[in-house]
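Contents: one structure, followed by commentary.
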Amino acid sequence: MQLTDTLETNLNILTHLTGGSADRIVSRITVCGIACALLSCEGMCSSEGFTERLAAPLSALAGSFGSGDALLRHLQKTQLPSADCTAVCETAELLRLLHAGFVILLADGAAFGLAYGMQGFASRSISEPSGELNLYGAREGFTEPVRTNMALLRRRLKSPLLCFEMHTAGTLSQTELCMVYLRDRVPENLLQSVRQTLQALPLESIFSVGYVRPFLEGSDMQLVHSTGITERPDICCAKLLEGRVGILIDGTPFALLLPQLFCETFQTLDDYNYPPLYATLLRWIKYAAALTALLLPAFYLAAALHHPELLHETLLRLLADSEQNVPFSLAAEMLGVLLLFEIVREAGLRLPKAVGGAVGMIGGLLIGDAAVQSGLISTPVLTAAALSATAGFIIPEHHAALTVLRPAFILAAAAAGLPGIALAGTALLMHICSTEIFGYPVSAPVAPLLPKRLADIAARIGFRRLSQRNFRISEIKPDP
């Protein structure tokens with residue numbers, strides 16, 4: 001709906017559209033004999049800026065203007081109370097800017113208004129990331145306001161090639177989304193695909209990255225994500241240098257990065273601060289931890305139920321003795337212990353910090369000593385499950401996938417032993433190799449094989465060699 005040239009009509013239309021919401025503030029003033037109104041949203045704009053930079057100068061303005069249209073055009077050309085000033089003619093755009101913290105100036109006789117950016121809402125200050133801790137990197141993490149996050153990236157990449165592109169999604173929330181990329185490095189087809197996806201989001205509201213992620217990945221059934229999430233500006237900049245696209249969402253202290261390769265989930269920022277040999281050792285520890293977290297319970301069941309010849313005689317006797325008095329089958333016992341671990345983990349995570357520690361202690365006593373002493377759980381099963389759960393914490397990116405896959409591998413091992421594990425593992429590898437995003441396979445550079453790019457996967461080479469390789473994400477996409 002277009003604004004009219006009558007101030008009272010415009011105010012009545014806006015009152016009707018907002019339902020007379022109590023947080024909409026209308027300040028009526030007279031400027032050079034012309035009736036005007038300043039519209040703002042309670043708590044969304046800076047009171048100091050509103051008074052000192054806009055209301056006071058307007059009240060002191062002198063001159064003669066024939067109409068409100070001439071007054072606003074004069075102000076648009078000569079007055080600049082804020083760096084972000086735009087003219088609005090439609091009520092939908094006016095309300096979007098009003099609810100985003102802009103101050104709107106309407107005048108009688110003008111069929112448009114002036115929107116001044118004076119956002120001043122309360123927000124969390126920049127703090128250290130809580131989920132991606134490091135020893136030698138920066139201590140700054142993304143925060144909720146999208147424009148603050150844009151500034152954090154600009155501070156690290158001062159190149160004019162760094163481009164920010166704003167979009168609005170969510171028919172009700174009107175959430176700002178910001179695409180960020182380096183113009184000379186991002187593949188054009190990737191950029192166009194991401195842009196079209198964001199413009200076509202069929203959502204009413206967006207409150208976190210989980211709302212947008214499935215539409216970018218194209219599927220809700222992926223066990224391995226093809227988009228990455230980070231709360232660190234330095235990691236985001238490193239990915240942009242490789243030609244990726246970042247997406248910042250207003251109100252969310254995380255950035256989406258795409259595409260993400262499966263091998264990158266085992267890399268951290270500190271890997272590139274340690275000496276190459278030590279970083280390589282840590283990387284292989286992560287690979288071993290991933291296999292332990294996924295396969296250890298299944299291998300225990302396969303050996304105990306179907307392949308006892310794989311176990312040493314002494315170990316086999318210990319296992320048989322420990323399982324004699326347990327009333328459940330091995331598979332049910334293992335699944336039950338893992339379920340209890342997840343229950344304790346969720347309870348400790350969701351409860352307040354003051355209570356979470358106590359819940360962890362109680363859960364440890366129940367699952368550990370009390371369960372073994374009562375004969376409900378055997379010590380070997382508890383040990384295998386605990387080692388698997390602990391190893392999974394090393395790679396938090398895959399915790400959800402591991403939680404889903406462990407029971408599947410346990411059931412496969414209980415049904416067919418090692419052949420069942422091999423069958424389940426083959427299916428998992430096929431799923432990973434078939435996962436892609438906008439034509440970019442997440443299994444690269446292993447499949448498709450790029451031998452020159454394996455140096456930073458199997459090991460962490462030194463920066464002298466690493467800086468000469470200049471990896472670009474466009475290298476992994478097969479030719480059409």
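The values are calculated or read from the model by the stated rules, or taken from the named source; none is laboratory data. As the structure is a computational prediction, the values presented were derived from the model and not from experiment. Here Cβ is always computed from backbone atoms with ideal geometry, including for glycine, and neighbour counts include all displayed protein chains.
Of all residues in the stretch 28-50, exactly one satisfies the criterion of being within 27 Å of S67 (Cβ to Cβ), polar (S, T, N, Q) and surrounded by 12 or more Cβ atoms within 10 Å (Cβ to Cβ), namely S40.
Would you call L71 touching a Cys at 6+ places or on another chain (Cβ under 8 Å) and closer than 21 Å to G117 by Cβ? For L71, the condition - touching a Cys at 6+ places or on another chain (Cβ under 8 Å) and closer than 21 Å to G117 by Cβ - is met.
Quick check on G420: is it in contact with a Lys or Arg (Cβ under 9 Å, 6 or more places away or on another chain) and surrounded by 14 or more Cβ atoms within 10 Å (Cβ to Cβ)? No: the conditions fail for G420. Looking at E140, E165, E128, E176, just one residue is farther than 23 Å from F471 by Cα and either touching a Leu at 6+ places or on another chain (Cβ under 7 Å) or in the same structural domain as A37 (by TED's automatic domain parsing) (or both), and that residue is E140.
Residues that are hydroxyl-bearing (S, T, Y), within 40 Å of the chain's Cα centre (by Cα) and in a strand (DSSP E or B) within the stretch 18-71 comprise S27, S40, listed in sequence order. Just so you know, in the stretch 51-78 the residues that are over 18 Å from L97 (Cα atoms) and in contact with a Pro (Cβ under 7 Å, 6 or more places away or on another chain) include one that is surrounded by the most Cβ atoms within 10 Å (Cβ to Cβ), and it is R53. Looking at the stretch 369-480, the helices (runs of 4 or more DSSP H) lying wholly inside it that each contain 3 or more residues that are touching a residue at least 12 places away in the same chain (Cβ under 8 Å) and out of contact with any Pro (no Cβ under 7 Å at 6 or more places or on another chain) sit at 379-392, 399-416, 418-434. If we scan the stretch 118-141, do we find a residue that is closer than 19 Å to L11 by Cα and surrounded by 17 or more Cβ atoms within 10 Å (Cβ to Cβ)? The answer is no; no qualifying residue exists. Checking A37, A55 one by one, the residue that is among the small types (G, A, S) and touching a Lys or Arg at 6+ places or on another chain (Cβ under 6 Å) is A37 and no other. Being in contact with an Asp or Glu (Cβ under 6 Å, 6 or more places away or on another chain), modelled with pLDDT of 80 or more and not assigned by TED's automatic domain parsing to the domain that holds I395 is a description that does not apply to L152.
Evaluation of R244 against the conditions (1) touching a strand residue (DSSP E or B) at 6+ places or on another chain (Cβ under 9 Å); (2) at pLDDT below 90; (3) of a type in the set (D, E, K, R) shows that the sole unmet condition is (2). Once the stretch 281-328 is narrowed to residues that are touching a residue at least 24 places away in the same chain (Cβ under 8 Å) and among the polar types (S, T, N, Q), the residue that is farthest from C263 (Cα to Cα) is N325. For the stretch 2-21, the set of residues classified as in contact with a Gly (Cβ under 9 Å, 6 or more places away or on another chain) and among the β-branched types (V, I, T) consists of T6 only.
Condition first: in contact with a helix residue (DSSP H, G or I) (Cβ under 7 Å, 6 or more places away or on another chain) and not hydrophobic (A, V, I, L, M, F, W, C). Now tell me which residues in the stretch 307-322 satisfy that. Residues satisfying the conditions are H307, P308, S322.
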